[in-house]
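Q: Sending over a structure as structure tokens; questions will come in a sec.
Nothing in this text is a laboratory measurement; each read-out follows from the coordinates by a stated rule. Every value quoted in this text rests on a predicted model; they were computed, and no experiment measured them. Every residue, glycine as well, gets a Cβ built from its backbone with ideal geometry; the counts of neighbours run over all protein chains shown.
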Amino acid sequence: MGKVITIRQMSAHVGEAVTLEGWLYTKTGKGRLQFLQVRDGGGICQAVVFKGNVSEEAFELARALTQESSLRVTGTVKEDTRAPGIPGGYELDVTGLEVVQIADEYPIQPKEHGVEFLVRNRHLWIRSSRQWAIMRVRATVIRAIRGWLDNNGYLNVDTPILTPNAAEGTTTLFEIDFHGEPAYLAQTGQLYSEATILAFGKVYCFGPTFRAEKSKTRRHLQEFWMVEPEIAFCDLDGLMEIEEQFVSHIVQRCLEENAEELKLLERDTSALEQVTPSFPRIHYDEAVDIVNRAAAAGELVPGYEDKVPHIEWGDDFGSPHETYIAAQFDKPVFVHHYPTQVKAFYMEPEPDRPEVCRSVDLLAPEGYGEITGGSERMADVDKLIAGIEEHELPMAAFDWYVDLRRYGTVVHSGFGLGLERTVAWICGLTHLREAIAFPRTLGSMRP
RNA sequence: UCCUCGGUAGCUCAAUCGGCAGAGCAUCCGGCUGUUAACCGGAGGGUUGUUGGUUCGAAUCCAACCCGAGGAGCCA
């Protein structure tokens, strides 16, 4: 038995006797020759078992291997351009084989499967090379998020998941029993981050958030991860500059670190290479004009068979509108100054034009929709109290939040970036459920 | 919540006008020294989502229900 190495290390061990530990991904038998595709978590390598090179017993073991059987395989590393795999180009000329377990008949074949079946078998599906690649990109996105923020003066201060009140209405909250008191799973950490910036200047929280929306689409999960930077002494223009730097950094890190994964996903990376500062900025007024010109001309929503619907000034954009607007640009596009009435109570109205507020959404290209939402927050105590009253929210629940405007209030802004939507966009996925290991979608909580 | 589509072998699907339940893959057996979702020969594998109805006869038609998909709304 040779030294145990990983598949990633094989290129440095050509000609040496080594051992790989892993699982059988697929197998092709050809008489006295067995081609084993072995996974070890970091890559896939072809191990070639020739009857003449191994014991009779070992050859029979190789023939009896089933998909996903766990094993240790020993042999000589050979360079061979014919060898498939990840990264490929090297194979193992097998001299010995130890079976850890012969797996039961494995349900997932390297063939086409339906969505229902794959979701039901998510605990196994994550072993498939495509899902494997997505999870690796996701990890890079998370590293890039933390890396950029940590290196730019942001302090990671996480916020509670159990919260006592509904910040923006109860219909989208999961209610739980907190020792007899109602409590809710957090749908944002923003209000708490507005407290922590007054202690630390620039902060971010990063964790799971929960939305009980009855949304059953490819763009929604009941549980998703969100990173929410919040910045003191920052206005709307400053916020957009931060967002474009931040998002560009994330995309470029993935291009650098996951070229192999993106290739496996057949992602067109030329579209991602263009994601560099600065991003186009359009005012809500202009966005409404763009939409209504398309509606008048009878244009179709890109990727759908429906026409672009007309919109009245003052309404929020629906999915078809956002898809159409984003398709007009080859980079993510900022839409800013949404109508005050459709946005949350804490967003700062534009002083000269209070019917719009200092809010901004970032729409990803290629139909991936809104990936960030943010705003400049209301800094004045009297205006904030008026806003809470206008939205008919329980003042008592917001006493601590109003306090923040009494003790050294400053202009401040923040945004939330949806992790799964970002991963789906970078990977070119058609559905958010592939962007998280164990998705929680409407009506489905297994496995 | 509403709209649309779907549910047949482990998986992906077929079954003409309502007339014997079928293939490919997977599994098992046999063959093959370069396979890449191999190939060749053979075998086993079915409560057609559930319940009821129409009919000589239902996978097929009707009703209700269950489950799934993706779109609207809402959102990241």
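Q: Classify segment A:183-278 as rounded, prolate or oblate, taking a ≥ b ≥ c as the square roots of the eigenvalues of its Cα gyration tensor: rounded when a/c is under 1.5, otherwise prolate if a/b is larger than b/c and oblate if not.
A: It is oblate, given that a/c is not under 1.5 and a/b is not larger than b/c.
Q: Calculate the translational D of segment A:3-101 in whole µm² s⁻¹ from Stokes-Einstein, where the hydrodynamic radius comes from the Kirkwood formula applied to all Cα pairs, the temperature is 4 °C and the viscosity 1.567 mPa s.
A: 101 µm²/s
Q: Next question. Local charge sum around A:GLY369 (other residues, Cβ-Cβ under 13 Å, Lys/Arg +1, Asp/Glu -1)?
A: Spelling it out: positives minus negatives among the neighbours equals -2.
Q: If you don't mind, another one. Viscosity 1.002 mPa s, temperature 20 °C: give me the Stokes-Einstein translational D for segment A:264-372 in µm²/s, with Rh taken as the Kirkwood radius over C-alpha pairs.
A: 145 µm²/s
Q: I would also like to ask the following. With unit charges on the beta carbons (Lys and Arg positive, Asp and Glu negative) and the dipole taken about the Cα centre of segment A:3-101, which residue among A:PRO87, A:TRP23, A:MET10 sits farthest to the positive side?
A: Toward the positive end, the furthest listed residue is A:PRO87.
Q: What FRET efficiency do you get for A:ASP104 and A:ASP315 if R0 is 56 Å and r is their Cβ-Cβ distance, rounded to the nearest 0.05?
A: So the FRET efficiency works out to roughly 0.55.
Q: For segment A:310-349, what class follows from the C-alpha gyration tensor (a ≥ b ≥ c being the square roots of its eigenvalues): rounded when a/c is under 1.5, otherwise prolate if a/b is larger than b/c, else oblate?
A: Verdict is oblate for segment A:310-349.
Q: With axes computed from alpha carbons, what is the tilt in degrees of helix A:381-390 against the longest principal axis of chain A, rounded to the nearest 10 within 0 to 90?
A: 80 degrees
Q: Any idea what the alpha-carbon Rg over 2.2 N^0.38 Å comes to for segment A:60-121?
A: 1.42
Q: Averaged over every viewing direction, what's the projected area of the C-alpha convex hull for segment A:1-60? Give it in nm², one decimal, please.
A: 4.3 nm²
Q: In a shell of Cβ-Cβ distance under 11 Å around A:VAL301, excluding A:VAL301 itself, what net charge do Lys and Arg (+1) and Asp and Glu (-1) give?
A: -3
Q: With angles folded into 0 to 90 degrees, how steeply does helix A:236-257 sit against the dominant principal axis of chain A? Use alpha carbons for both and round to 10.
A: The two axes meet at around 0 degrees.
Q: Within straight cross-link reach of A:LYS3, meaning Cα distance under 14 Å, which aspartates and glutamates are found once same-chain residues fewer than 8 apart are removed?
A: Within reach: A:GLU16, A:GLU21.
Q: Let me ask something else. Pairing the Cα long axis of helix A:129-151 with the longest principal axis of chain A, what angle in degrees results, from 0 to 90 and rounded to the nearest 10?
A: 50 degrees
Q: Mind ranking A:396-402, A:2-8, A:32-38, A:435-441 by how tightly packed they are, going by the mean number of other C-beta atoms within 10 angstrom, highest first?
A: Order by mean packing, descending: A:32-38, A:435-441, A:2-8, A:396-402.
Q: For chain A, with a Gaussian network of springs between Cα atoms less than 10 Å apart, report the residue from A:GLY416, A:GLY15, A:GLY369 with the top mean-square fluctuation.
A: Highest fluctuation of the listed residues: A:GLY15.
Q: Based on the alpha-carbon set only, what is the convex hull volume of chain A divided per residue, in Å³?
A: Measuring per residue, one finds 176 Å³ for the Cα hull of chain A.
Q: In whole Å and largest first, what semi-axes does the C-alpha gyration tensor of segment A:28-163 yield when each eigenvalue is scaled by 5 and square-rooted?
A: Sorted largest first and rounded, they come to 38, 20, 13 Å.
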